[in-house]
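See structure below.
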């Protein structure tokens, strides 16, 4: 289900159902925040005992965008790689 579909479905909920959805979302966000805090605390402990030299920020992935396949002539790439390894 896409986000747009979920948002459209929310419009059809009663106020009580909206309240239940909000509680569920808040609980999930709290769990995610706690997990992130635990990971940060763990990395800080590793840094303190000298097992890490620095705490790096997580890489942010770029949006996928248009990923339509292109037509390529010749042998499949996988077959070329196998032949090169022989």
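Of note:
- Cut-off 19 Å (backbone N to label point 7 Å along Cα→Cβ of residue 43), residues of segment 61-78: 61-62
- Extension gain for residue 1 to residue 77 (0.36 nm times residue separation, less C-alpha to C-alpha distance): 24.0 nm.
- Proportion of all alpha-carbon pairs of the chain beyond 19 Å (%): 72 percent
- Of the residues 39, 16, 26, the one that moves most in a GNM of the chain with alpha-carbon contacts below 10 Å is 16.
- Helix content alone sets the calculated 222 nm mean residue ellipticity of the chain: runs of n ≥ 4 DSSP H residues at -39500 (n - 2.57) each, divided across all residues, give -20000 deg cm²/dmol.
- Nearest-0.05 FRET efficiency for residue 64 and residue 13, computed from C-beta distance (R0 22 Å): 0.15
- Distance from segment 1-47 to segment 48-65 (C-alpha centre basis), Å: 23 Å
- Of the residues 55, 70, 40, the one that moves most in a GNM of the chain with alpha-carbon contacts below 10 Å is 70.
- Alpha-carbon gyration tensor eigenvalues x 5, square-rooted, for segment 1-47, Å: 34, 12, 4
Each reported figure results from applying straightforward, stated rules to the coordinates on display, with no laboratory input. Note that the structure is a prediction, hence the values are computed from the model and not measured. Methodologically, a virtual Cβ is constructed for each residue, glycine included, from the backbone with ideal geometry; neighbour enumeration extends over all protein chains shown.
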